[in-house]
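**Student:** The following block contains the structure, expressed as structure tokens.
The values are calculated or read from the model by the stated rules, or taken from the named source; none is laboratory data. Nothing here was measured: the structure is a model prediction, and the numbers come from that model. Using ideal geometry, Cβ is built from the backbone for each residue, glycine included, and neighbour counts are taken over all protein chains shown.
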Amino acid sequence: MAGVKALVALSFSGAIGLTFLMLGCALEDYGVYWPLFVLIFHAVSPIPHFIAKRVTYDSDAASSACRELAYFFTTGIVVSAFGFPVILARVAVIKWGACGLVLAGNAVIFLTIQGFFLVFGREDDFGWDRW
């Protein structure tokens, strides 16, 4: 039952983040949809983690070069997602209010992605080597 509650909470927080993002684009005062390109960053951000988890087999090690490289790429993607609306606002493509809403949406969505990995990314205690 705890997994269902976590899934509902994560989907609710993801919906809140997407609402902030859409408000930053679709409100009458803003009306520019360029900030929707941050959805690409949201979709790409977990990919380095998935690749590193698939490639590294040594789960006993505290860290590996592949895992650290995945953290580096993920950090670059997340920083780019936060920097993109600021650059758009700085060159006056979007207004600063829209930038604030998009940044709030980014924070909520990336915290949701991190929460997903914390809740559902744990390794199970079940393993074939215990038989």
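**Student:** Inspect the range 101-115 for any residue being outside any loop (DSSP other than H, G, I, E, B), modelled with pLDDT of 85 or more and farther than 27 Å from Trp34 by Cβ and give the result as yes or no.
**Tutor:** Yes, the range 101-115 has at least one match.
**Student:** Within the range 1-28, can you find the residues that are surrounded by fewer than 17 Cβ atoms within 10 Å (Cβ to Cβ), more than 14 Å from Ile113 (Cβ to Cβ) and in contact with a helix residue (DSSP H, G or I) (Cβ under 7 Å, 6 or more places away or on another chain)?
**Tutor:** Answer for the range 1-28, where residues must be surrounded by fewer than 17 Cβ atoms within 10 Å (Cβ to Cβ), more than 14 Å from Ile113 (Cβ to Cβ) and in contact with a helix residue (DSSP H, G or I) (Cβ under 7 Å, 6 or more places away or on another chain): just Leu23.
**Student:** Among the residues of the range 29-80, count how many are at pLDDT 85 or above and surrounded by 12 or more Cβ atoms within 10 Å (Cβ to Cβ).
**Tutor:** 32
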